[in-house]
1. Mind jotting down a quarter of the surface of the convex hull over the alpha carbons of region 165-291, in square nanometres, one decimal?
2. Quick one, could you list the DSSP H helices from the chain stretching 15 Å or more along their long axis (Cα atoms) with average Kyte-Doolittle hydropathy of 0.5 or above?
3. Sort the following peptides by mean Cβ neighbour count (other Cβ atoms within 10 Å, averaged over residues), highest first: 359-368, 79-88.
4. Treat every Asp and Glu Cβ in the chain as -1 and every Lys and Arg Cβ as +1, leave all other atoms uncharged, and give the resulting dipole magnitude about the Cα centre to the nearest 20 debye.
5. So for region 80-206, averaging the separation of alpha carbon pairs under 8 Å that are six or more residues apart and normalising by length, what relative contact order in percent results?
6. Taking H as built 1.01 Å from N, whose amide H comes closer than 5 Å to the amide H of Met494, not counting residues under 5 places away?
7. Amide H to amide H, which residues 5 or more places from Phe15 or on other chains are under 5 Å from it, using H placed in the peptide plane?
8. Which entry in (1) 41, 37, 25; (2) 43, 31, 27; (3) 56, 30, 21 is this structure's computed semi-axes √(5λ) of the Cα gyration tensor in Å?
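Rule-based calculations on the coordinates, nothing more; no lab input. Quantities reported herein were computed from a predicted structural model and do not represent experimental measurements. All Cβ positions, even for glycine, are placed from backbone atoms using ideal geometry, and neighbour counts span all protein chains on display.
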Amino acid sequence: MPARIRVGIDVGGTFTDAVAIDAQTLALVGQVKVPTTHHHAEGVAQGIVDALTRLLDQTGATADDVGFLAHGTTQATNALLEGDVARVGVVGLGTGFDGWRTRRLTRGQDIRLAPGKHLKAAYAHAEGLGAAVADAVRKVVGEGAEVVVGAEAFSVDDPAGEDAVAACARELGVLASTSHDITKLYGLKTRVRTAVINAGILPRMLTTAELVDKSIKAAGITSPLMVMRCDGGVMDLAQMRARPLLTVLSGPAAGVAGALMGEKISEGVFLETGGTSTDISVIRRGKVAVRHAEIGGHRTFLNALDVRTVGVGGGSMVRLGDGRVTHVGPRSAHIAGLPYAAYADPADLAGATLVTVRPMGDDPDDHVAVDAAGGRYALTVSCAAVALGLVPEGDHAHADPAAARAAFEPLAKALGSSVDGAAKQVLEVATKAVREVVQTLVKQYRLDRDALVLVGGGGGAAAVTPFLGEGMDLAHRIAAHNEVISPIGVALAMVREQVERVIPQPSQSDVLAVRREAERAVVAQGAHSDTVEVDVVIDPRRNTVQAIATGATELRTKDLGEGPLSEERARECAAVTARVAPADLRLLAETPHYRVFGVPDSRSGAARYLRKERLPLRVVDREGVVRFQSPDGQVRASTCAAARDTLGSVLEELTAYGDGGARLPAVHLLLGGRIVNLAGMTRAEQVLGVAETELSGRDGAEPVAVIAEVPV
């Protein structure tokens, strides 16, 4: 039996939030909030223990009931933003042209982290191993380096030189890192920059890791402590100690992980709205969108959530000029030290008059507030949403609309509008930049608008998502327990590891080797082998093979109540995302875990003439969740015994040929409870090789469905 609860803890700048999730039903069973203990002798570790202790008291659980414990932290992000980093020593290696390349790194340039904040580094070069390396290490340590990084042009192929640098540093009692341990990609400058930034936060993060680990063990927790990564997964402490940079930007990643797992989103845009800003990220085909992150305006090899931040949140203040709302935000009521008008007693807003204020000394004096019987109150985005009745009862931001409407009356008079008109004008201006980002992401990631859903998270979710969804004619909803979506994401996150190798013209064995490495890595961190899924992507332009493995720390056998979903109910669930009547769907294939429905082509006759008729697909699982959708695909029913032949026929039939060579269809297998992604391959033998690995050892009569998307 799995343990009873999963615990997720999110360490924020002001508060530390913790939640308990039932390990079987995934229902929220407890939540607490405590101040973040930045200045305690034990640092933020004390706040984590405080939150955990209160959570166990609230739920009646014991330390033995905790089967999974993970925390997310903004510490690494804040360290980079604030320039609170260690001095790093970089030892370059090599002779000849390769030595010249690494010498270019020794010109003494500090690394910009944020405006006005830099990571200072000491540099030295060694042309050989042995004494030359030792002398170079002593030189940078003598200049104050707290961490030493080895840097060599082709260390991903031969790490001996960088390893020698690390060994010398450790003999001197100094922390060390190497560029090849951070990433196996070529690109010396970017690889070393990534390694140096990682080294800069290493001492502080190691200290925190030790304190948190010690405190958790002292509390009697025996389950391994996991840490949130910036790509939406979690890692164990050993990985965090080696690559603390992976925790940078993990705050937004926790929220989108909560939306992905808790809300069961397959295709969507997640909007996490706080008091000051909204983080916008993409979920496509059940996966979070990631990319190489930039730090200080420079590219790194850090794979992080692709998040776009807009300076509009629930507390953003309204700005007025020339008889109209000119801007909303980025200043918030919190900065101005003003309460939100929407949460005042309506009696306190008697006699409200409009005033303009400066939130900060050098801000324009066009920010709107009202003076009333109870004092001065800010007019915010949340106030506008409350006034329009967009915040549902039970939501974290809900309030009696009477107060908000009373506060908006003076603004409405100044605008020559009704209260509703004034509130709508505020929300239109506030959501304009958010709308533009959403439109960009939909286009960039080729999201299916028919299946797309906007999901709002964060305490200010209702201030942005409902109005934006209505305005863009997109399906939308506020996530359950949106105010604690980040710790929920931490509690539900999967163990994740990414392995990326430079392999020109990879063979089938090369692909399988990278795949196995990723799979072994997540199992080593505690993922149950039966839950591991691996996606492989081959990029022939960059000569890279990338494998992303995810897995759960326990097998989950969720109680399905009345049993697997009926076809009628599954049809209804698919019809909602397809925006058609259930009767219009065709059942194309069925396995014990999934049903595949075909959606009628909704395009006009002219559009069909210009391009062949397409077949949109929806895949519904046993719980009624649309797990996969495609705007144009084909389905073949098969069995494990016949799947290889079926797959071979599909590849032969649907592969397109052109000047750029062969373009394979994007193929997925519905195999057991998993959707196996084979879409990242470039050659048929690679697809068949990975498929054989997935099919190995299964009952030959087990049903399998092959989904193929025609290349365009």
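1. On the way: hull surface 42.6 nm².
The Cα convex hull of region 165-291, projected and averaged over all directions, gives 10.6 nm².
2. Working: long enough: 44-59 (23 Å, 0.47); 131-142 (16 Å, 0.98); 160-171 (16 Å, 0.03); 188-218 (43 Å, 0.29); 250-262 (17 Å, 1.01); 401-415 (20 Å, 0.53); 419-444 (37 Å, 0.20); 461-472 (16 Å, 0.96); 508-524 (24 Å, -0.03); 567-578 (16 Å, -0.52); 643-654 (16 Å, 0.04); 684-695 (16 Å, 0.38).
Counting only whole DSSP H runs, the qualifying helices are 131-142, 250-262, 401-415, 461-472.
3. Values: 359-368: 14.5, 79-88: 18.9.
For the peptides 359-368, 79-88, the packing ranking is 79-88, 359-368.
4. Values: 74 positive and 85 negative charges, 316 e Å.
Dipole about the Cα centre, nearest 20: 1520 debye.
5. On the way: 273 pairs, mean separation 35.9, N = 127.
Value for region 80-206: 28 percent.
6. Val234
7. Result for Phe15 returns Thr36.
8. (1)
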